[in-house]
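Here it is, the structure in full.
Values in this text are rule-based calculations from the coordinates and carry no lab data. All figures in this text were calculated on a predicted structure; none of them were measured in a lab. FYI the Cβ positions are ideal-geometry reconstructions off the backbone, even for glycines, and counts take in every protein chain you see.
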Amino acid sequence: MLCYKYKILLYCRHIFFVLITMRHHSSFPLRVLRSRAIVLFVFFVVAGVLLSQGVPVFAQGDFGIAKVDSQIGLSGTSIVLIIVRVIRILLGFLGLVLVIMFLYAGFLWMTSSGNEDKVTTAKTIIKNAVIGTAIILFSFIIVQFVINILSQVTGATSGSKQPPGIETFSGIGSLGLVIQDHYPLPNQTGVYRNTKISITFTEEIDPASIIENTNNSCWALDGSGGVVPDAEGSNCKKENGDNVAYYGDCIDTLCDTVQTDVISIQRRVDKNGVADGEPVSADALVAYENGTQAHIFVFKPRELLGNGETDQWHTVTLSENGIENILGENIFRNYGQKGYTWQFETNTEIDMSPPYVVDVSPASGETIEKNRILQITFNEAVDPMTVQGMLGVSSSFSNVIVQGTSGAVAPSAPPAPETVSGDTEPVYALTYLNSLIGNGNRPTHIVHTNGSDVMYVAYFNTGIAEVNVSDPTKPVFTGKIFSTARVAYGEIHSILISGNTLLITSGNNAKGALQLIDTVTMTEISSFSKLTDPQAIAMKGRYVYVADMNEGIKVINISDTSKPAQVASYGSTVDKTGDTGGSVNTIAIQGNYLFYGQGGSNVRKFGVLDISQPEETPVLVNEADIPAPVTMVINSTRAYIAVANNQIKIIDITNPEKSLPQATFMPNSNGGVNGLGIRSLDLSQEGLLLVGEQYAFQLFDVNNDVDSPVFLATNPIPGWPLLPLDNDRPVLFNGQYVYVGHTGQGLFSFDTVQTSVTEGTTESSPTTEVKTLPPLAVNGQWKITNGYRSIEFLSSDLCGNDAVNSCGEPLYCLPTGCSAYDTTCVSTYSVLARTASLKNADVAVTDDSFVASGLFDGVVDMADNVLDSGTDIDQHGSIVPGSYDFEIYDAFADSAENPWRHKPPFVGIKKDIDDTERYPDNYWWNFTVVNDIDSTSPYIRSVGPSIDQQGVDPFTPVDISFSKAMWMDSFSLVRLVEYPNSGVGVGYVPDTDNVTSTELLGGIVKEVTRSILHLRHPARPFGDNGKDYWYFPVVSGKVKANNQFCLYPGRGPYYEKGPFEEKPLCNVVYDETWHITSVSSACRPEELITTSSTDTGCISAYTTVPTTVADTASCVTQLSNPAVSHLLPSSN
């Protein structure tokens, strides 16, 4: 409209220029020319007013008859509003008639040539037209007033006005902070009418604040999902005696619904106009994470959006006060936002095209390390309800399956029996291999370096010895010893290995110390002696946590290994009764939580501390009563803590801040022997639990039921004499092998696996023991990310041996079934993405519709079209990414035995991949996993816009190019800071592309895949009303590559003045053991080794700003300075 008015005024100025020229060259009387000029002036003013009011009328809404078929819904617009709109259209038409009258009158007057009759007629027409114009204008005002009143009555509201020069939506600053992502995007056009709407929140949301439990479902007792309650509700979880409602599911065809006063989906008559009818009713679904966490919501309108005649704008509004997190807090509480609103425009079409896979990682046939994230990217947004879920024994999700095959047979194993027919299945045992005697013969602790052939064994009154276990049947001493004479206080209490540093605690007579030992030279690096009676130790990143008995837990920073320093503590463990015996003696770390066992005469607790801020006092977030603790091991979901009376408490730590459910396990009553007091525990990545007791050690399986371990084997076997008393009994897994300490006898090694020969086999020798590896159980979670176009899989199995990433967080690995020492052992893997059942799945149906049945049994897009793939198969037996045919696959429609159409049926176990499913339109690919860990950290190679660049185009995305393929979900930690603060916020969403190139690395040509992050801000341009703003992209150190390693240190490109020419890339070189050998001068930090005060790159061309600082907050403070980020009025 503004452009149209501007054009009219320019045209008028042109006419005046012509008239003035005519004054100097025409023989007409001046009086006549003036009168004609006045007529033209009146004409164009009136015409401008009428057309400025009339033009948008014809663009408001759908005034035709929409096509009616089985897929078109009826409009919810009020009939009264329709009548009023028709009146407004007629008034606009009359305005057009008046314009024609003015044109006709002007023509008569201009061509009158002095004829008074024609002039009189022209004047009469103009007079009548002016009167008509006044009537129409007043009528238009009255009609508009009526529309506004009726809009309020029907719940519609006028569109909010935009400030000039900047387009924003209500609460746009929440995008990227409160709201991680949503679909459709702000201002997105061409959206299909049958789309769903999805919102991802950064916080865990209470779904009851958004959703009505319309179908009255409840949480099933096993936590697998929603069920219909029986008459007594006996199949439901209970809380205070009531059924626990399940929000966000469909039972048969009845789905839960959105609370429209909390989240409203509203049609608009135009982009910023009044509402068109009532809010759209929609089914509401939740894609739960980790079983119970609600972050992602999907809303499926119960009628088609838009209309069948014209494109139509819609708004989605999140109310200011309605949505709450799991703690009952308003999600907008910290941001000063008045809710959140965005708009998108639908076209007139229905989406009938199926989605397909365009990229996978790892690539087909690629060999990867076992700590890799798996990724699938589709050509369009897909429904989170069908692709996000947990893989595991007790989970119900099976739409995307990961399946591994055990690695090679361990070295020195005897040949397998000659099999005639039948199968073999693994039988677990504890088969003695060898012993290592010497160094005092009383082992107290054992630790192992992940991916290494050495372990370290602490011996009472002797010290710590290095042992080579490259051949588990022949462990040998290497000769390296750290003697007891060099142990600070004599008796070693605990040991821990981190890289080439061995950490030990020792104590005696209320004095204790933490020592750091160089394992290369077996000499002390430094010690921290301000401890009382240190026991267990755990480590996260550069921080060591020491259980210091009655003095609580001490936090020691070892960033500078030569100067360890205490930075925090969780103080004395005196309880409310005054008991000072509640000492902390066992600890373990998982993510941002430290779990501890505390025991005394009155105080016996299992506690949970939040250690997300390591240099601040840890925060107690939960605790539970337990018997006196002894030792503990943990995995991603459970803590196994040995307590008094030979029990193991199994504590669910899935949601440690909310609840700590317990189960009790008695090793001696589950098929084993009574070995009396438990002294040590260990967990393998294959899901085996090893229990070291005073008189025995025993093996249990926790794969099938984490709360009820299944007995596998014991040493000694039942009926045999018990082992000699050992009050230490250290045990350690190393792949399929077990190492156990025996007082007076030294260190023993055992094999946990042998194979029994089943029916129909012939053995080469009746006494042959076959050491095959166990089948792989791949557990973990698929999570949607990247604008709902990509899904990523993270294994839930810890890599073992306390492996951590560069942030100090635990590493999770794909199981390989290999011995831990064998880094050349490989496993083959397959991933299968299942397509969903068709709505018309009958083999007799011949239509080509890809519409899903609604059973959630496979991948569908946001318009409910099922997954498609083509028939292009590569040399590795995988479907080529990007292969599709948009055809319903029905090759087996005529099969009498097993007819099917489009969705290949699975045979056998639903969570296994069978060859019968390797048909289109499923998607699958194959790759190899090597039993090793990739420990390279990512860094930033280049950025755009360039450093300190000015005059950036308002909608330019921020591009950040990384050195590796990245874990896309971690990009939610990237921020965009605006300076000075506009008070509006930018509103940004991450979008990722993976780019593969062939490069020469270390003299070898390799294919390298790197991620480019695009921070897009579709709802708001850079700048505001021509005012100069600076923008600081802030990349958290917790942003991770697809090997789970963090951007630590925060290294990226640096260059000085002249930001517009081609700039050198930041480049870091690693050797074959993943150690950095060089850093290019275009990087900051440039140093190979950084400290806590120089581990964050802070980049500006302004030379007074330090290029390395302690953290991102310090950098933002440095840059938020007018002297550094000076403001230029002419740039945006």
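So if R0 is 45 Å, what FRET efficiency would K1027 and N321 give, r being the distance between their Cβ atoms, rounded to the nearest 0.05? Intermediate results must be reported in sequence, preceding the final value.
Details: r = 32 Å, r/R0 = 0.71.
Between K1027 and N321 the formula returns 0.90.
Using R₀ = 30 Å, calculate the FRET efficiency as 1/(1 + (r/R₀)^6) where r is the Cβ-Cβ separation of F138 and N187; round to 0.05. Don't jump to the answer; show the numbers that get you there.
Working: r = 37 Å, r/R0 = 1.22.
After rounding, the FRET efficiency stands at 0.25.
Using the Karplus curve 6.51 cos²θ - 1.76 cosθ + 1.60 with θ = phi - 60°, what ³J(HN,Hα) values do you get for each residue of the stretch 473-480, in whole Hz, with x for Gly and Pro?
7, 9, x, 9, 6, 8, x, 7
Next question, about the same structure. Go through 611-620, 290-299, 862-871 and give me the packing order, highest mean Cβ count within 10 Å leading.
Values: 611-620: 15.1, 290-299: 20.2, 862-871: 23.5.
Highest to lowest by the protection proxy: 862-871, 290-299, 611-620.
Taking the Cα centre as origin and putting +1 on Lys and Arg beta-carbons and -1 on Asp and Glu beta-carbons, what dipole magnitude results for the stretch 940-1119, to the nearest 20 debye?
260 debye
Would you mind getting me the FRET efficiency between Q566 and K238? Use the beta-carbon distance for r and R0 = 60 Å, nearest 0.05.
Approximately 0.85, to the nearest 0.05.
Quote to one decimal, in nm, the extra length available between T871 and D252 on full extension: 0.36 nm per residue of separation minus the C-alpha distance between them. It would help to have the intermediate numbers written out before the result.
On the way: separation 619, 0.36 × 619 = 222.84 nm, distance 3.39 nm.
Residue separation times 0.36 nm, minus the Cα-Cα distance, leaves 219.5 nm.
Calculate one ³J(HN,Hα) per residue across the stretch 536-543 by plugging θ = phi - 60° into the Karplus curve 6.51 cos²θ - 1.76 cosθ + 1.60, and present them in order as whole Hz with x for glycine and proline.
6, 10, 9, 9, 9, x, 9, 10
Under a plain spin-label model, where a point goes 7 Å from the Cα along Cα-to-Cβ, how far apart in nm are N592 and A1123?
The answer from the label model is 3.6 nm.
Give me the lysines in straight-line cross-link reach of K237: C-alpha distance below 21 Å, same-chain residues under 8 apart excluded.
K658
Using only alpha carbon pairs under 8 Å that are at least six residues apart, calculate the relative contact order of the stretch 589-694 and give it in whole percent.
Relative contact order here is 18 percent.
Return a whole-number percent for the relative contact order of the stretch 940-1119, with Cα pairs under 8 Å and 6 or more residues apart as the contact set.
Working: 350 pairs, mean separation 38.2, N = 180.
Here the relative contact order equals 21 percent.
Sort E239, E349, E792, E324 so that the residue with the fewest other Cβ atoms within 10 Å of its own Cβ comes first and the one with the most comes last.
Taking fewest neighbouring Cβ atoms as first place, the list is E239, E349, E324, E792.
Past the 20 Å Cα-Cα mark, which pairs from K964/K1006; K911/K1040; K540/K605; K783/K1006; K964/K1038?
K911/K1040; K540/K605; K783/K1006
Under the 0.36 nm per residue contour assumption, what length would be gained going from the current alpha-carbon distance of T532 and K511 to full extension? Intermediate results must be reported in sequence, preceding the final value.
On the way: separation 21, 0.36 × 21 = 7.56 nm, distance 0.46 nm.
In short, 7.1 nm is gained.
Sort I376, I350 by Cβ crowding within 10 Å, fewest neighbours at the top.
I350, I376
Additional query: When K540, K1040 are ordered from fewest to most other Cβ atoms inside 10 Å of their Cβ, what list results?
Final ranking by Cβ density, sparse to dense: K540, K1040.
Taking Cα centroids, how far is the stretch 502-535 from the stretch 250-273 in Å?
Value for the Cα centre distance between the two parts: 62 Å.
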